[in-house]
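Notes to accompany the following structure.
The values are calculated or read from the model by the stated rules, or taken from the named source; none is laboratory data. Here the structure is a predicted model, which means the values were calculated and not measured. Every residue, glycine among them, receives a Cβ derived from its backbone with ideal geometry; neighbour counts consider all protein chains shown. Accessible surface is based on the protein model in full, side chains and every heavy atom, while ligands, DNA and RNA are left aside. Shrake-Rupley method; radii C 1.70, N 1.55, O 1.52, S 1.80 Å.
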Amino acid sequence: MTTQPLPSPNDPATPLRKILAARIHSNGPISFAEFMRECLYHPEHGYYSRANAVRFGDYYTSVDVHPIFGRLLARQFAEMWELLGSPRPFLVVEAGAGVGRLAGHVLDFAAREFPAFYAALEYVAVESSAARRAEHAARLSVHVTAGHFSSAAAIPTAIPAGCIFSNELLDALPTHRILMERGGPREIHVGIEGEQFVEVLRAPSTPKLEEYFREQGIALQEGQAAEACLEACQWIENAGRALQHGFVLTIDYGHEARALYDDWHKRGTLLAYRNHDVTEELLDAPGEQDLTSHVNFTAVDVWGRRAGLQRTGIVTQSQFLIALGRANEFGDLYEPGQTEVEKLRARLLLKNLIHPEGLGEKFQVLVQHKGIEKPRLTGLSGY
């Protein structure tokens with residue numbers, strides 16, 4: 001168990017720590033999932049609720065490497081549109097859209113390379129942070145004016161045809177933590193002893209936790225710690241119910257259940273990121289560091305089926321991007337008029353997206369479908 005000192009009552013730099021301490025003093029220990037939710041999504045002090053500039057330096061994503069990531073996604077979305085019979089409108093719903101950087105890459109490329117698809121496209125950037133949503137209008141003003149872009153705080157409740165997708169969203173959803181002790185599951189809560197946050201073992205806060213492991217055929221070993229992200233299960237069910245015809249595309253780092261809960265992960269996968277440093281001090285600096293855990297793709301598949309989603313396929317990000325870029329020899333990498341030096345730099349950036357030691361093999365791409373029979377997608381041709 002880990003402990004971290006609380007700030008003094010007069011410390012103005014850590015308001016969320018004081019809020020959480022007061023809640024625990026009043027009501028008793030809270031589940032780690034509740035603690036994580038407040039750390040990341042508290043409306044005022046959460047890590048993801050603040051301006052993008054505050055947290056951008058802690059990590060970078062595939063979106064930040066090169067626009068090729070969004071361009072190849074645009075190609076896949078256009079193919080999905082065609083497979084569904086070219087419906088109008090076709091909604092592309094990005095969950096966890098941030099400040100709209102990826103949306104810009106997708107929309108700019110679609111407008112230039114796929115005018116018929118762009119004419120049918122309605123891109124909805126879903127972002128819970130009001131501060132981030134405020135940046136969308138300026139960043140994507142051309143597409144807003146053209147009627148092809150809008151922002152929302154939640155996924156639309158009815159999507160007749162389209163694709164709901166996320167890139168590094170599910171790993172940041174609040175997760176419960178379980179420890180197998182004396183033959184039974186105990187849930188890790190966050191409490192206070194003296195002036196310290198501490199981990200406290202209690203009975204599971206909901207029967208859904210035992211159901212979570214039972215549904216996947218997972219039996220934890222004595223002393224094993226594990227995460228159970230019930231919010232990811234609820235998220236995929238909600239997405240599946242909203243979607244009538246189309247696809248759900250999930251890009252994230254993680255594993256299928258049997259790999260996620262094997263002997264290599266007996267301590268779980270939760271980590272904290274702050275100022276380019278990685279730590280297991282999960283209770284430190286609430287609201288000041290990112291908290292993430294590996295995605296359980298088996299759970300996303302199982303709970304998706306409850307809402308009518310079927311597994312289309314799962315591949316590594318490397319396989320997905322190479323399959324989509326192979327057709328034109330990754331010509332989408334280049335801008336008109338680039339020099340050979342600039343083209344070389346673009347190729348080197350591409351390697352980070354697809355190389356096994358970069359982002360290519362760390363990330364998985366899961367595609368699920370609904371209302372269409374056995375679709376064959378270019379991005380999954382390696383499946």
Keeping all protein chains in place and using 1.4 angstrom, which order do S26, S318, S86 fall into by accessible surface area, from largest down?
S26, S86, S318
Express in whole angstrom the spacing between the alpha-carbon centres of the range 264-343 and the range 168-186.
20 Å
Cβ-Cβ FRET estimate between A119 and T339, R0 fixed at 45 Å, reported to 0.05:
0.85
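Kirkwood hydrodynamic radius, computed over distinct alpha-carbon pairs, for the chain: how many Å, to one decimal?
When all Cα pairs of the chain are included, the Kirkwood radius is 21.9 Å.
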Keeping every protein chain present and rolling a 1.4 Å probe, give me the accessible area per residue for the chain in Å².
44 Å²
Carbon-plus-sulfur fraction of the accessible area of the chain, 1.4 Å probe, in percent?
51 percent
Per DSSP, loop trypsin sites (Lys or Arg not before Pro) in the range 199-297 with at most 15 further Cβ within 10 Å
K266, R267
FRET efficiency for E281 and A22 from the Cβ-Cβ distance with R0 = 22 Å, rounded to 0.05, comes out at 0.50
Search the structure for amide H atoms under 5 Å from the amide H of K266, placed 1.01 Å from N in the peptide plane, and list their residues when 5 or more places away or on another chain.
none
For H276, what accessible area in Å² do you get when you roll a 1.4 Å probe over the heavy atoms of the protein chains, rounding to the nearest 10?
140 Å²
Within 10 Å of each candidate Cβ there may be at most 16 other Cβ atoms; applying that plus a DSSP loop requirement, which trypsin sites (Lys or Arg not before Pro) in the range 108-186 survive?
R182
In the chain, lysine pairs closer than 23 Å at Cα, eight or more apart or cross-chain:
4
Taking GluC sites (Glu not before Pro) that fall in a DSSP loop and have at most 12 other Cβ atoms within 10 Å as cut points, what is the longest piece of the chain between them?
45-194
Simple spin-label estimate for R258 and S205 in nanometres, 7 Å along Cα-Cβ
3.2 nm
Using just the helices of the chain, give the 222 nm mean residue ellipticity in deg cm²/dmol: DSSP H runs with n ≥ 4 each add -39,500 (n - 2.57), and the total is spread over all residues, rounded to 500.
-10000 deg cm²/dmol
For the chain, percent of DSSP beta bridges that are antiparallel (nearest 5) comes out at 60 percent
